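Read the structure below first, then the notes.
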Amino acid sequence: MGATPRFEHHGRGPYTSPVRISEIFRSLQGESTFAGLPCTFVRTTGCNLRCRYCDTAYAFSGGSEMSVADITAQVATLGTRLVEVTGGEPLLQDETVALMTTLLAHGHTVLLETGGSLPIDAVPAGVHVILDIKTPSSGEAEANLWGNLDRLDAHGEVKLVVGDRRDFDWGIDLVRRHRLSERWPVLISPVHGTLAADEVAAWILESGLPLRLQLQLHKYVWDPARTGV
C-alpha cells in the first residue's frame with residue numbers, strides 16, 4: 001500500500017486545527033457491547049482502507065472542516081452521554097485525539113471505532129476502542145497493525161466482520177492464538193445481506209468460545225441504505 005494520507009497538525013496551538021467531518025447525528029448504537037443505547041455519532045472524513053464490504057464509502061471524501069469546540073458544542077445540543085467517533089478512519093486526523101480528550105472532559109462516554117491499521121497509542125485513556133480487525137474477505141487483512149493488540153486496554157473490544165466461513169475460521173484461529181476472548185469482548189459481525197445470521201450463530205456455538213454475535217441493529221430498524229441513523 002502507498003503512504004497513508006493524513007490531515008496534519010501544524011503546531012498552531014492546542015485544538016486549533018480543524019477536523020474534517022462527514023456527519024454528526026443522534027441515533028441508536030447499532031454495534032458493540034453498547035448496542036441499543038442512544039448515541040451521538042461523529043463521523044470523520046477520509047479512510048486509508050478500501051474494504052470490499054464497506055457501507056460508508058460516502059465518508060471517503062467531502063465533509064466540512066469543524067473546530068473541536070464546534071463539534072463538542074453540536075454534540076452537546078444532541079443531548080446524549082454516549083458518543084462514538086467513527087469514520088472513515090478517525091485516526092487519520094491528528095486532531096481526533098484532541099476531540100476525544102475534549103469529549104471525555106465534558107463527561108461523555110466515548111467510543112472509537114478504528115480499522116486497526118493505524119496505531120492506537122495516542123488514544124486517550126478512558127476511550128472505549130473498538131478495534132476492527134480486517135478479515136481476508138475485506139481485501140485489507142495485510143493492513144492489520146498487530147501491535148495494537150498490545151496497546152488495547154481493558155476498555156477495548158475486538159470486532160471481526162466475516163463474509164464467509166473462511167473469514168470465520170481465520171478469526172477463530174486468531175482468537176485462540178492471542179487469547180482474545182479472555183482479554184476483551186470479541187464481536188463477530190456477519191456482512192449484512194451476504195451471510196445469514198443463523199449460520200454464523202451455529203458456527204459460534206460449534207467453536208465453544210465466548211464470542212458475541214453482532215448484528216448491525218440499525219440496519220434492522222431502518223432501511224440498510226439509509227444514512228444518518
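Miscellaneous remarks
- Antiparallel %, DSSP beta bridges [both residues in region 19-221], to 5: 30
- Between the helical axis of 95-105 and the longest alpha-carbon principal axis of the chain there is an angle of about 90 degrees.
- Cβ-based exposure ranking for THR77, THR227, in which fewest neighbours within 10 Å come first: THR77, THR227
- Cut-off 9 Å between beta-carbons: net charge of the residues surrounding PRO18, Lys and Arg +1, Asp and Glu -1: -2
- Charge sum, other residues only, whose C-beta stays under 13 Å from LEU145's C-beta, Lys/Arg counted +1 and Asp/Glu -1: -4
- Counted charge near VAL161, where neighbours are those whose Cβ lies closer than 9 Å (Asp, Glu -1; Lys, Arg +1): 0
- For region 115-219, the set of chymotrypsin sites (Phe, Trp or Tyr not before Pro) satisfying both a DSSP loop assignment and a count of at most 12 other C-beta atoms within 10 Å is given as TRP146.
- Basic side chains Lys and Arg get +1 at the Cβ, acidic Asp and Glu get -1 at the Cβ, and with that the dipole of the chain about its Cα centre reaches some 140 debye.
- Among GLY171, GLY87, GLY208, residue whose mean-square fluctuation peaks in a GNM of the chain (springs only between Cα atoms under 10 Å): GLY208
- By DSSP, the beta bridges lying fully in region 14-132 are antiparallel in about 45 percent of cases.
- Mean projected area in nm² (Cα convex hull; one quarter of hull surface) for the chain: 11.9
Readers should treat all values here as calculations from the given coordinates under stated rules, not as data from a laboratory. This is a predicted model, so every value here is computed, not measured. Glycine gets a Cβ as well: all are built from the backbone with ideal geometry, and neighbour counts include every protein chain shown.
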